[in-house]
Every structure is written in C-alpha cells, then in structure tokens.
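Report on one structure; see the data block that follows.
The values are calculated or read from the model by the stated rules, or taken from the named source; none is laboratory data. Predicted, not measured: the structure shown is a model, and the values here were computed from it. Note that we place each Cβ from the backbone using ideal geometry, even for glycine, and neighbour counts take in every protein chain shown.
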C-alpha cells in the first residue's frame with residue numbers, strides 16, 4: 001500500500017518505473033559539458049518553425065517521439081501525458097502536443113515542472129489508474145526572453161546573478177512494470193515567498209523553496225543526506241546553490257558534498273557566458289533525462305533526490321512590484 005508520511009511525502013509500495021526517457025537540446029546546450037548525454041542536439045533552434053513559440057513546441061513533440069520510439073510504444077499506448085512550459089497559458093505545450101491524441105493534463109510549476117510531472121504521473125501509475133504515462137516539459141531561451149524580459153534585438157545587459165534559459169526538452173515514460181530506475185518517494189512542495197523582487201536573481205528567490213521541500217522530505221521520511229548519492233536541484237545556479245547549502249546547514253543538514261544543480265551542470269559557465277548558470281523548465285528536464293539517468297544506469301548513483309524549483313510569477317506581477325512566489329517539488333529515484 002502507498003503510504004503518506006507527514007503532510008507532504010508519499011512512499012510508493014508499487015513503484016513507478018522509468019522505462020524510457022529522452023532529451024532534446026539547442027546548439028548552445030550542445031556545446032556544453034553534457035553534450036554527449038543528449039539524444040538530439042539541434043542545429044536550428046527554430047526547428048524549422050515560423051516562431052520561437054512554435055519552435056519550443058517542436059522540441060516537446062520531438063522529445064515524446066524519441067522516448068516512445070526507444071521502447072517501440074505508440075501514442076495509443078499512453079494513457080496520460082503531463083506537461084507545461086514557461087509561455088503564457090503553456091502555449092508551447094499545447095501547440096507541440098496537440099496532434100498526439102493522448103489524454104492531457106497541463107501543468108505549471110515554472111522550472112519545477114519536470115518534477116511536478118514526474119510526481120503527478122507517478123501518483124497516477126502507483127494508484128493503478130494508468131499503466132503508461134508520459135511526463136515532460138520544455139523551455140526556450142528566445143521565447144522566454146521575449147516574454148519575460150526584452151526582445152533579443154534590444155541587447156540588454158545581464159546582471160551577474162542572472163541565469164540563461166535553456167533551449168531544451170526532456171521526456172520520461174513511466175510504467176507500472178519495468179526494471180531499472182524507479183520513483184520511490186514524492187514530496188510535494190508549498191509556495192514559499194521571502195519577499196524577493198529581483199527577477200535577475202532567481203537563485204536567491206527559489207533557494208528557500210528548495211530548502212523547505214528538502215527539509216520536509218527528510219523530516220517526513222526520516223531519511224538523511226547520507227541516504228542519497230546525489231541531491232540534485234534545478235535550477236538554482238551558482239548563487240542559489242550557495243544560499244541553499246548555507247541555509248540547510250542551519251536546519252541540521254549538510255548536503256554540500258552530495259549536492260549539485262542542473263543550472264551549474266548544463267553549461268561551461270564562464271566559457272559560455274551564462275553568468276550564474278542555466279535555468280528554465282528544460283534545464284532540469286534535459287540534465288535529468290540525459291546525463292543523470294545515464295549515470296544511474298552506469299552505477300555512478302544508486303539513490304538520488306531531485307528537487308526542482310520554480311518561480312511562480314509573471315511579467316505583470318513583477319511590474320506591479322509584487323515579490324516572487326516560488327515552489328520546489330522533489331522525487332526520490334532508485335536503481
């Protein structure tokens with residue numbers, strides 16, 4: 001029987017398996033240190049489309065196609081597909097997946113969307129409501145800049161704490177039957193807002209949410225950092241990672257030697273001029289679905305905790321002087 005621990009964590013008795021996954025990234029991401037771990041590096045970030053918005057949808061469509069092709073599964077074999085993105089009303093997702101003909105649940109967790117999808121998808125599978133579910137997400141540098149900051153032609157300067165929105169997508173197929181990597185726990189985050197208003201310092205805004213969810217996971221389950229080979233966040237970048245490690249020490253947990261962040265891993269930070277690192281839904285999705293799960297299959301990691309973070313604001317709320325609400329969701333993966 002699946003068990004609820006505390007207010008936020010579920011431990012699955014019937015663990016959902018990750019039976020396939022895929023990662024599709026843009027050419028900048030393909031020049032980074034993880035370039036060999038992705039299924040596809042595209043040479044044209046527009047993916048042959050007429051707009052950046054449609055291009056991002058094409059990244060999602062391609063990620064789903066690759067993940068299903070790997071296991072010779074058809075769209076008709078998938079009972080639910082869960083996804084979202086950073087665009088208004090999750091437009092990239094809707095345009096990218098509109099031809100799949102799969103029952104769809106749209107999600108918005110900002111950069112935490114990949115883990116939110118894994119969480120909800122795992123609950124559906126573990127509860128017996130579906131045998132196969134796809135969870136995915138995406139982001140695109142050009143569509144995000146157009147919506148949240150300035151048109152690319154503006155050429156505005158970026159502050160040292162700013163992060164680079166990844167042009168990428170990642171998809172996972174969850175199943176009630178399988179071997180290898182499986183999701184054992186889900187810890188659902190709460191909205192955390194510490195009054196930070198600087199949209200160029202998302203790491204600082206989101207670190208408290210990661211702190212809240214990771215601490216809740218440890219308190220609910222009785223597990224500690226020693227139970228994990230890796231505690232992965234996404235995407236706090238350099239600034240947010242340092243803040244998280246400092247804050248969590250005050251709560252009695254030392255994760256510094258176990259911690260890494262997708263925003264720090266995706267790019268050669270100095271050489272590629274991404275300031276404080278990567279961000280965007282596709283950052284955590286592509287790093288997890290590519291490099292991290294590859295390393296689990298190789299035996300580098302056996303038990304990992306993935307706590308993705310997201311900023312739940314929109315351009316208007318920021319212009320109105322509102323602070324940035326944030327969220328972090330976590331899943332524990334074992335192989």
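Structural remarks
- Filtering the stretch 5-34 to residues that are farther than 15 Å from residue 124 by Cα and at pLDDT below 95 leaves 5, 6, 7.
- Boolean, residue 247 is closer than 22 Å to residue 116 by Cβ and at pLDDT 95 or above: no
- Test: residue in the stretch 137-151 that is part of a loop (DSSP other than H, G, I, E, B) and at pLDDT 95 or above: yes
- Close Cβ contacts (under 9 Å, 6 or more residues apart or on different chains) running from residues in the stretch 31-48 that are assigned by TED's automatic domain parsing to the domain that holds residue 167 and more than 13 Å from residue 63 (Cβ to Cβ) to residues that are part of a helix (DSSP H, G or I) and modelled with pLDDT under 95 comprise 45/52; 45/141; 45/142; 46/52; 46/142.
- A single entry from 76, 43, 112 fulfils the requirement of being assigned to a helix (DSSP H, G or I) and surrounded by fewer than 23 Cβ atoms within 10 Å (Cβ to Cβ): 76.
- The stretch 196-218, residues that are over 12 Å from residue 9 (Cα atoms) and assigned to a helix (DSSP H, G or I): 202, 203, 204, 205, 206, 207, 208, 209, 210, 211, 212
- Residue 294 fulfils the conditions (1) closer than 25 Å to residue 83 by Cα; (2) buried (at least 24 other Cβ atoms within 10 Å of the Cβ) except for a single criterion, (2).
- For residue 17, the conditions (1) crowded, with 17+ Cβ neighbours inside 10 Å; (2) touching a helix residue (DSSP H, G or I) at 6+ places or on another chain (Cβ under 6 Å) are fulfilled apart from (2).
- The residue list 168, 210 contains one member that is within 30 Å of residue 61 (Cα to Cα), in the same structural domain as residue 73 (by TED's automatic domain parsing), in contact with a helix residue (DSSP H, G or I) (Cβ under 6 Å, 6 or more places away or on another chain) and at pLDDT 95 or above, which is 168.
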